[in-house]
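Below is one structure, written out as C-alpha cells, with a few remarks after it.
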Amino acid sequence: MSDVKKIATRESYGSELTAIGRDYPNVVVLDADLTKSTKTCVFQKEFPERHINCGIAEANMASIAAGLATTGKIPFMSSFAMFAAGRCFEQIRNSIGYPHLNVKIGATHAGVTVGEDGASHQCIEDIALMRAIPGMIVMNPSDDVEARACLRAAVEHEGPVYMRFGRSAVPVINDYPEYKFEIGKGTVVKEGKDVTIVATGVCVDSANKAAEKLAAEGIDAEVINICTIKPLDGELIAASARKTGKVVTVEEHSVIGGLGSAVCDALAELAPTPVKKIGVQDVFGQSGTADQLMAFYGLDAEGVYKTTKEFLGK
Amino acid sequence: MNKLELQKMAVEVRKNLLIGLHAAKAGHPGGSLSAADIFTYLYFEEMNVDPKNPKWEDRDRFVLSKGHTAPGLYATLALKGFFPVEEMTTLRKLGSRLQGHPCVQYTPGIDMSSGSLGQGISAAVGMALSAKMDGKEYRTYTLLGDGEIQEGQVWEAAMMAGHRKLDNLCVIVDNNNLQIDGAIDTVCSPYPIDKKFEAFNFHVINIDGNDFDQIDAAFKEAKATKGMPTAIICKTIKGKGVSFMENQAGWHGMAPNDEQFAQAMEELEKAGEALCQM
C-alpha cells in the first residue's frame with residue numbers, strides 16, 4: 001500500500017484554482033495571510049492582480065468578497081476552516097448567504113488532521129455552521145480528484161459554496177475512469193447488504209479499508225461517499241438503508257450537526273433506520289500527528305471497523 | 001439640483017420616511033432623519049444612477065452600512081423613481097420588498113444587503129477594488145453610523161481601503177453622537193473619529209452634515225482627491241427636522257404614534273412651505 005499516491009486537498013485547491021483562473025477571467029482569490037498554507041500562493045504567482053491578501057482580517061475578507069461578487073466577480077475566499085466558517089460565520093450568513101451572492105469559500109485545515117497545532121485550529125464544527133445557512137452548498141471532498149471536481153462544479157454553480165479541504169496528505173482514491181462528480185450526488189463506492197457506511201472527506205478512505213476488514217469476517221458493508229453534505233443525496237442513502245437496515249456515518253467533524261446529523265435528518269423522513277454516528281464525540285481536539293488523532297478519535301480504518309462491528313452486535 | 005431644490009427634496013425624504021415608519025409602527029427614525037440630507041445629496045446630486053436601470057453595471061454604488069436607517073434610503077430611492085412612493089406604507093410588512101433592513105434581492109436601487117453593523121463598509125471596499133481591477137470609473141459610497149464604528153471590522157476595512165489607496169471610495173460617517181444606549185462618548189467613545197481615519201491613510205473632511213453648502217463642497221473635494229480614500233465626518237442632529245425627536249436617543253428605534261406623526265408631518269409641511277417662499 002506504500003505506493004498509493006497521497007496528496008493534501010489544500011494542494012489540490014491551490015493548483016486547480018489556478019487552472020480555473022485561466023478559464024474564468026472573473027475569478028478573484030482572497031486570502032488572509034495564509035497563502036502558503038492554503039496554497040493560494042500558486043494562484044497569486046500567476047495572477048497577482050487578481051489575488052487580494054486581506055491581511056489577518058477574515059471578517060473583512062468575507063464582506064469584501066461579497067462586495068466583489070455584487071460586481072460580477074467570482075471570489076474564492078480562503079482561510080483555515082476555523083477562521084473562515086468559525087470567525088466569519090455571521091459575515092458569511094449576512095453578507096454572503098442572505099443576499100445569495102456568488103462567493104466560494106475555500107476552507108483548508110479542516111478537522112483534527114490539522115494535527116500538532118491542536119484544538120484551537122482544529123475546526124470540527126464548520127459543516128454544522130455552514131449547513132444551517134439557507135442556500136449554502138457544503139462540500140467535503142475525499143481526495144485530490146474529488147477536490148478538483150468540486151472546485152470545477154463550484155465555479156459553475158451560481159450562489160454561495162463552502163468547500164472543506166485538509167492539511168495532511170491523503171490517498172488518491174477516486175482516480176478510476178468511471179468517476180464522475182455532480183453537486184448533491186453521492187457515490188456508492190462498494191455495494192453490500194449487511195450495513196451501510198456513509199462517509200465524507202478523509203473518512204471515505206477509512207470506510208473503504210474498514211469494509212475490507214469486515215468483508216474478511218463475512219460482513220458485507222456498502223460504502224457511500226458523500227462529498228456534498230448539503231444538499232444531501234438522501235434518496236441514495238435511504239435506498240441503501242432500506243436494503244441493509246443499519247447505517248454508520250463517519251466524518252472528521254463533531255457528531256453534532258455534521259454528516260451524521262444530516263443523514264439522520266434524511267432517514268427520519270425517508271426511511272427510519274438505526275444509525276451509529278462516528279465522529280468527534282462532542283469534545284475538543286488536541287495536539288498530535290494527523291494519524292494519531294484519526295486513531296484516537298476512532299476515525300481511522302480500525303476505529304470504523306471496530307465501531308461498526310459493535311453496532312452490528314458481532 | 002440647486003441648494004433650495006435639495007432642501008425641499010430633503011423635506012420630502014423626511015416626510016416619506018416618517019410615513020413608512022408610522023405605517024410600520026416600528027423602525028428607526030432618529031438616524032434616518034439625521035442622514036436625510038446626505039441621502040438626498042447623494043441621489044439627487046452626486047451619484048450617477050439610473051432608476052430605470054437599477055443594475056446598470058457602470059453606476060455609482062451606495063452601501064448603507066448603518067442598515068437600520070433603511071427608511072431614509074427607501075424614501076430617497078422612491079422619490080428618485082426606483083419604485084412608487086406609495087410603497088413606503090408597506091415598510092416592514094409581511095411580503096413587502098421594503099424589509100426592515102436593506103436587501104439587495106428585493107428592492108430596486110439597493111446595491112448591497114446590510115443591517116449587521118460593520119459589514120457594509122467592507123462590501124463597499126470590495127466594490128471599489130473591483131472597479132480598480134477592471135479600470136471602471138464608477139465610485140462607491142458608504143454611510144456608517146458613529147456608533148457603528150465601534151465595530152472592529154470597520155477598521156479592518158479602513159486599513160484595507162487606505163492600504164490599497166482606494167480613491168474611488170468615499171466613506172461617510174453620520175456623527176449624530178447618539179446610539180441606542182445613549183451618547184457615543186459615554187457608551188464607548190470612538191472620538192477622535194477624524195484622527196482615526198487619518199491614521200488609516202484617509203483624506204478626512206469634517207462638515208456639518210445637515211448643511212447642503214458644506215455637503216456639496218465635501219463631496220466635490222472627495223472626488224478631486226487622488227491616491228487615497230476620503231472619509232467625510234458629518235456632524236448631524238439625530239432626529240433632525242422633527243422638534244421632539246431632535247437629539248433624543250429614545251427616538252433611535254421607535255415609531256411615532258398617530259398624534260406624534262401628525263405633529264411631525266405638520267412641522268415638516270411648514271418647513272417645506274417656508275422653503276417655497278424663498
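First measure r as the distance between the Cβ atoms of B:GLU269 and B:ARG97, then evaluate 1/(1 + (r/R0)^6) with R0 = 25 Å and state the FRET efficiency to the nearest 0.05.
For B:GLU269 and B:ARG97, the calculated efficiency is 0.35.
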Inset, instruction - About the Cα centre of chain A, how large is the charge dipole given +1 on each Lys and Arg Cβ and -1 on each Asp and Glu Cβ? Please answer in debye to the nearest 20. - result: 220
Legend entry - Cα centroid of region B:202-278 to Cα centroid of region B:169-190, whole Å: 14
Inset, instruction - Find the centroid of the Cα atoms in region A:24-79 and in region B:139-156, then give the distance between the two in whole Å. - result: 21
Legend entry - Charge dipole (the protein assembly as shown, unit charges on Cβ, about Cα centre) - positive-most of A:ALA295, A:ALA238, A:ILE74: A:ALA238
Legend entry - In sequence order, calculated HN-Hα J values of region A:35-46 (Karplus, 6.51, -1.76, 1.60; Hz; x Gly/Pro): 4, 7, 8, 7, 6, 6, 4, 5, 5, 4, 5, 7
Legend entry - Loop-located GluC sites (Glu not before Pro) in region B:1-102, at most 16 other Cβ atoms within 10 Å (DSSP): B:GLU57
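How many times 2.2 N^0.38 Å is the alpha carbon radius of gyration of region B:1-129? Write down the numbers at each step before the final one.
Working: Rg = 13.5 Å, N = 129, 2.2 N^0.38 = 13.9 Å.
For region B:1-129, the normalised Cα radius of gyration is 0.97.
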Inset, instruction - For the protein assembly as shown, restrict the atom set to alpha-carbon positions and state the Rg and Dmax in Å. - result: 27.3, 97
Legend entry - Furthest towards positive pole of dipole, B:GLY145, B:PHE197, B:GLY162, structure part region B:143-197, Cβ charges: B:GLY162
Legend entry - Dipole-positive endmost among A:TYR13, A:SER168, A:GLY111 within region A:6-171 (Cβ charges, Cα centre): A:TYR13
Inset, instruction - Could you go through region B:175-180 in sequence order and give the Karplus-derived ³J(HN,Hα) for each residue, using 6.51 cos²θ - 1.76 cosθ + 1.60 with θ = phi - 60°, rounded to whole Hz, and x for Gly and Pro? - result: 8, 8, 6, 10, 10, 3
Legend entry - Amide H contacts under 5 Å for A:ILE229, placed H, 5+ residues apart: A:VAL138, A:MET139, A:ASN140
Inset, instruction - Report, in debye and to the nearest 20, how large the dipole of chain B comes out about its Cα centre when Lys and Arg carry +1 and Asp and Glu carry -1 on their Cβ. - result: 660
Inset, instruction - Using the Karplus curve 6.51 cos²θ - 1.76 cosθ + 1.60 with θ = phi - 60°, work out ³J(HN,Hα) for each residue of region A:3-9 in order, rounded to whole Hz, and write x for Gly and Pro. - result: 8, 5, 5, 10, 9, 6, 5
Legend entry - Coil-residue GluC sites (Glu not before Pro) of region A:93-184, DSSP, other Cβ within 10 Å capped at 14: A:GLU116, A:GLU158, A:GLU178, A:GLU182
Legend entry - Loop-located trypsin sites (Lys or Arg not before Pro) in region A:190-284 whose Cβ has at most 16 other Cβ within 10 Å (DSSP): A:LYS193
Inset, instruction - Taking 7 Å along the Cα-to-C-beta vector as the label spot, tell me the B:GLU57-B:MET133 distance in nanometres, rounded to one decimal. - result: 1.3
Legend entry - Label-to-label distance, nm, for residues given as A:ILE7 and A:GLU116 (7 Å Cα→Cβ offset): 2.6
Legend entry - Estimated dipole of the protein assembly as shown in Debye, rounded to 20 [Cβ of Lys and Arg +1, of Asp and Glu -1, Cα centre]: 620
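Quick one: pull the percentage of alpha-carbon pairs in region B:3-276 with a separation above 32 Å.
Values: 6023 of 37401 pairs.
Distances greater than 32 Å cover 16 percent of the Cα pairs.
Quick check on the exposure proxy: order B:TYR141, A:TYR13 from fewest to most C-beta atoms within 10 angstrom. Working shown, then result.
On the way: B:TYR141 26, A:TYR13 29.
Ascending Cβ contact count within 10 Å gives the list B:TYR141, A:TYR13.
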Inset, instruction - Rounded to the nearest 500, what is the 222 nm mean residue ellipticity of the protein assembly as shown from helices alone, with -39500 (n - 2.57) per DSSP H run of 4+ residues and division by all residues? - result: -11500 deg cm²/dmol
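FYI, it's all coordinate maths here, none of it is from the lab. Note that the structure is a prediction, hence the values are computed from the model and not measured. Heads up, the Cβs are rebuilt from the backbone with ideal geometry, glycines too, and the neighbour counts pull from every protein chain shown.
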